[in-house]
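What follows draws every value from the coordinates through simple rules; no lab data is involved. Keep in mind the model is a prediction, meaning the values are calculated, not measured. Ideal geometry is used to build each Cβ from the backbone, glycine not excepted, and the neighbour counts take in all protein chains shown.
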Amino acid sequence: MIIVPIKEGENIERALKKFKRKFEKTGAIRELRARKNFEKPSVKRRAAKMKAIYVQHLQLQDEQ
């Protein structure tokens with residue numbers, strides 16, 4: 001359960017923003033979307049490998 005303490009006279013929009021930030025950090029929506037469609041482990045590994053190659057390529061470009 002996410003609890004957002006509200007100070008006296010604090011704006012409701014600010015409290016809502018805090019709640020949204022905390023909720024995003026929990027990763028609930030990300031997990032729901034991942035569970036919606038099954039992805040084979042081989043496909044997950046392939047995507048992770050491609051992402052690692054892409055990141056490494058970006059890092060090499062920054063060094064040059």
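Being among the β-branched types (Val, Ile, Thr) and surrounded by fewer than 10 Cβ atoms within 10 Å (Cβ to Cβ) narrows it down to one residue among ILE12, ILE2, ILE29; which is it?
Numbers: ILE2 fails: surrounded by fewer than 10 Cβ atoms within 10 Å (Cβ to Cβ); ILE29 fails: surrounded by fewer than 10 Cβ atoms within 10 Å (Cβ to Cβ).
After ruling out the rest, the residue left standing is ILE12.
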Condition met for GLU39 (surrounded by 10 or more Cβ atoms within 10 Å (Cβ to Cβ) and among the acidic types (Asp, Glu)): yes
